[in-house]
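Notes for the one structure printed next.
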Amino acid sequence: MTTAPTPVPAPAAVDSNGGAGTPGTAPASEAAPTADRPKGGKRRSGNRAWLGALPLMVFFAIGFGLPAVAIAIGAFTTSSDAPGGGGTFTLSNLTASLQGAYFTALLGSVKLSALTALIGTVIGLPLAQAVATSRFRIVREAVLSGSGVLANFGGVPLAFMFVATLGNAGEVTTGLGLKKYGWSLYTFDGLAIVYLYFLIPLMILTITPALEGLRVQWREAAANNGATTFQYWRYVALPVLLPSLLGGYVLLFGASFAAYATAEAMVGSSIPLISMQIGDALSGNVLVGQGNLALALGLDMIVVAGLVMAVYLPLQRRSAKWLS
């Protein structure tokens, strides 16, 4: 929490409290401008505060703004290989991106992201509670540090690790004979398990600060009024944590929705995902005249991500209001 600076009374204001006519006291007409100086200085400082965020704003404009504008323009115009030439306004790219295999891929990504985010939230909450209430500081720091590493561990290395352990010829698969039980890593369920490897640590990192914000006095007050542990979580803790839980779920949904390299290395196009379709379109695997179809698919992902962030940010502010 930011602490407001302690106001320092101006000499003129002190003199005015001591009474008019005191020797050496400046007249009120001369003291007023002196009292206004700190406010003016604070206002000028606030006006210049945005300069500190200028590098980030420039980076955001170059790294995200310009590509987003280029994607939006390309999604609504024909490609250079179109029969009528490129640069003509059209809605055919967006229409094609929401039909057939592309729409199936979009639904597949939404389904996979919603399922993995839900499982990650349900599993990550009790694990984060165990970390937040641990009496051993070294255990808590080790778990949080490990979660920070695992939450950013993805791509081809993650896919190789699971193929080597739970693939068709993986050590665990052959050692436990999982194939006779119908196990296959290269399915929707197998891909969901791989995603949970980095989503659960991400949930632990997200929800642990909110759990640490739960005050001991709330639990003691509930116990003094005869509430059980279940009643405390049902009527006190979970309502307070609900914005953080929903915010964490939305964050996990976005992370799973944008994942590409792990799925590409493991299952390729055998499981319909929107990120795989974009990769295929960018590599030229589209019909003649649909060169900008990948941009329309990218615009669909930006819209979904924008909706996710529109839900996440208000929830984050509401959670911070309760737990600050």
(request) Provide the gained length on full extension for the span Ala164 to Gln217, in nm with one decimal, where the gain is 0.36 nm per separating residue minus the Cα-Cα distance. (result) 14.2 nm
(message) Give me the extension gain from Thr187 to Val311: residue separation times 0.36 nm, minus the current Cα-Cα distance, reported in nm with one decimal.
(response) 41.6 nm
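What number, in nm² with one decimal, is the all-direction average of the projected area of the convex hull of the alpha-carbon atoms of the stretch 44-155?
On the way: hull surface 54.7 nm².
Average projection, Cα convex hull of the stretch 44-155: 13.7 nm².
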(request) Taking 7 Å along the Cα-to-C-beta vector as the label spot, tell me the Ala61-Asn152 distance in nanometres, rounded to one decimal. (result) 2.8
(message) How far apart, in nanometres, would the label points at Leu98 and Ile123 be if each is projected 7 angstrom from Cα along the Cα-to-Cβ direction?
(response) 3.5
(request) Mind computing the radius of gyration and Dmax over the alpha-carbon atoms of the stretch 217-324? Å is fine for both. (result) 21.5, 73
(request) Would you compute, for the Cα atoms of the stretch 124-258, the largest minus smallest coordinate along each principal axis and list the three values in descending order, in whole Å? (result) 57, 31, 29
(request) Search the structure for amide H atoms under 5 Å from the amide H of Thr77, placed 1.01 Å from N in the peptide plane, and list their residues when 5 or more places away or on another chain. (result) Thr90
(request) Please give the FRET efficiency for Ala53 paired with Ser80, using the beta carbon to beta carbon distance and R0 = 41 Å, rounded to the nearest 0.05. (result) 0.60
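Computed from the coordinates by the stated procedures, all read-outs in this text should not be read as laboratory data. Source: prediction; values computed, not measured. All Cβ positions, glycine included, derive from the backbone under ideal geometry; neighbour counts span all protein chains shown.
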